[in-house]
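Notes to accompany the following structure.
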Amino acid sequence: MSTRLKPISLTRYFNSPAALSSTDGWHPAMDGVSGKFPRLETKHWGIPFRFGPEALTEPGLIVLRGATEVRVPIGKTATHVCIAHFCNLADAMFANAGGGEPMGEYVLRFADGSEHVQSIRRRFEINPFSVAWGGGPFAAQPSAMPVPWDYASAPAVAWGQLQTGVTYAGGSACQFWIYALENPRPQVPIKSITFRATSEEPLAILGVTLYEGPGHPLGHVPRRVYKLLIPASERATAPELEAEIDLGVITRLYAAPGTVDEAWLKAVERGLGAPRPPETATREFLFEATGSEGATLTVKAPQGPQRTLDFGKAWTAGSATSDDRKARIQLLHPRTTWVHVTVTDGSTGKETPTRLHICGPNGEYLPPYGHHQVVNDRWFEDYAGDLQLGGLSFAYVPGRFQVELPVGDVYFECAKGFEYEPLRKKVTIRPGQRELKLTIKRAEDWRKDRWVTADTHVHFISPETAWLEGQGEGVNLINLLASQWGHLYTNVGDISGAVSGCSRDDTIVWVGTENRNHLLGHTSM
């Protein structure tokens, strides 16, 4: 456990059993919910807490109501006091009601006799145990931090859930709230914390932990890509490497794809993706992560010891090393800028959709705004205008789009079917740059010879996405097929019996049906 985090035992100060009951003033809708929150030692947002005993009939909560006041000695310094708590429902039908209503006060009493009083308001510092969609508080976080799906487990999870990329370790019906009270005098020891009721509505406190460190323990810096180096003698595959951030989350960790250089720019084969590299042991990894400036990264390869690195230092200073100086992390993109990119057809001078891959010098994919960092290459592939071709990810983009790019060298691969010459280009992005123009050149014009290109078998995507992808591949006719998969019927609402209304320029989208037969196979109508 990080030395920056110090859980406080509340065992002597619990004044109520953990079992909630409407006979004790709790809303009837909260009867029985006490069995849904954890007991004993537990972590939330990486913050360790010491909750009450397992037996719900034993004292396990500090409950405030009416004139209740509970004083807990501290005797330590802290930058923040982290509190796990929840309050009563205002109305079972309107779980978000009562916003701003004072529920209590948390008083920091310092060693020099001064005090800091923090008002605890419903929908701000605290919230009920159960809230409606979008009813979270403004100054606290739900007990369950979002965590990324393991894409390797895709067959075992619902496809729709997998598309969100994240999951919560519990539903909205079993959330308490983590509030980090900022200490205005972090250099002065806190003598005690007094929890004071200011309402007849009950308020419950499960645990308290002190945090002393940089940044806010619940405030995460933007997600960025980092490079991790471990000793060559401890090479490992990405699945073998154990990596964790205590006050944050690693959303993805993978073997570094390798340096992108002049050889990549001059390669003859382009626009067709790249072979997916085999899973081999390496000492270089890339990982995407977000966390508090006070977070610590822990890594361990099978053949080496566990090492810790200062994640916050890597964010603020650009890099950090382990105590033995054998492991190192580096922030790959310390400076970024939002750029409007325009791709024009060299033969017409007009903006044109394309299929695009953007990466940094270390091979890290830089998706355009709104596109996936990790592309789903399973059932319902390219649902959002994305494509995985072997080891390269692509996005289908209109002729003008927006992307957040790192300052420095960035590599583009731009393709538009078989009639255009694929473009690979290195661009140096300047600080504050807002515009970038690319041109893709036509190599053939089959329409002049009265040929058209078509894709007669397309599923799942919307007509507009079909048009965009068709344009990005230089396809003139797309047959988007409604299909039946058990009780699932796709694109039925898009069937009009005519050319789709999104058809324009030189790409036509027709929504038809796929009819399956044991003899004729899949017949498009």
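Across segment 444-493, the qualifying residues are those that are free of Cβ contacts under 8 Å to residues at least 40 places away in the same chain and on the phi > 0 side of the Ramachandran plot, and the one among them that is surrounded by the most Cβ atoms within 10 Å (Cβ to Cβ) is N491. The number of residues in segment 109-138 that are of a type in the set (S, T, N, Q) and assigned to a loop (DSSP other than H, G, I, E, B) comes to 3. Residues that are at pLDDT 80 or above and basic (K, R) were ranked within segment 1-40; the one that is surrounded by the most Cβ atoms within 10 Å (Cβ to Cβ) is R4. The criterion of at least 1 residues that are within 23 Å of I245 (Cα to Cα) is met by the following strands (runs of 3 or more DSSP E) wholly inside segment 20-87: 41-44, 47-50, 80-87. Within segment 323-367, track down each residue that is within 24 Å of D506 (Cα to Cα) and free of Cβ contacts under 8 Å to residues at least 12 places away in the same chain. Those that are within 24 Å of D506 (Cα to Cα) and free of Cβ contacts under 8 Å to residues at least 12 places away in the same chain: T348, G349. Restricting A320, A314, A301 to residues that are without any contact (Cβ under 8 Å) to a residue 60 or more places away in the chain, surrounded by 15 or more Cβ atoms within 10 Å (Cβ to Cβ) and out of contact with any Ser or Thr (no Cβ under 7 Å at 6 or more places or on another chain) narrows the list to A320. Which residues, taken from segment 495-511, are surrounded by 18 or more Cβ atoms within 10 Å (Cβ to Cβ) and outside any loop (DSSP other than H, G, I, E, B)? Within segment 495-511, T507, I508, V509, W510, V511 qualify.
If you check V374 against the conditions, is it touching a residue at least 40 places away in the same chain (Cβ under 8 Å), of a type outside the set (D, E) and touching a Pro at 6+ places or on another chain (Cβ under 6 Å)?
Details: touching a residue at least 40 places away in the same chain (Cβ under 8 Å): yes; of a type outside the set (D, E): yes; touching a Pro at 6+ places or on another chain (Cβ under 6 Å): no.
When the stated conditions are applied, V374 does not pass them.
Only residues that are in a strand (DSSP E or B) and of a type outside the set (V, I, T) were counted in segment 292-309, giving 4. If you filter segment 200-226 down to residues that are under 21 Å from T251 (Cα atoms) and among the β-branched types (V, I, T), you find that the one that is surrounded by the fewest Cβ atoms within 10 Å (Cβ to Cβ) is V221.
Of the set (1) within 14 Å of L286 (Cα to Cα); (2) surrounded by 13 or more Cβ atoms within 10 Å (Cβ to Cβ); (3) in contact with a Gly (Cβ under 9 Å, 6 or more places away or on another chain), all apply to L229 but (3).
Within the option set G370, G349, being in a loop (DSSP other than H, G, I, E, B), surrounded by fewer than 17 Cβ atoms within 10 Å (Cβ to Cβ), at pLDDT 95 or above and on the phi > 0 side of the Ramachandran plot holds for one residue only, G349.
The values are calculated or read from the model by the stated rules, or taken from the named source; none is laboratory data. Nothing here was measured: the structure is a model prediction, and the numbers come from that model. Glycine gets a Cβ as well: all are built from the backbone with ideal geometry, and neighbour counts include every protein chain shown.
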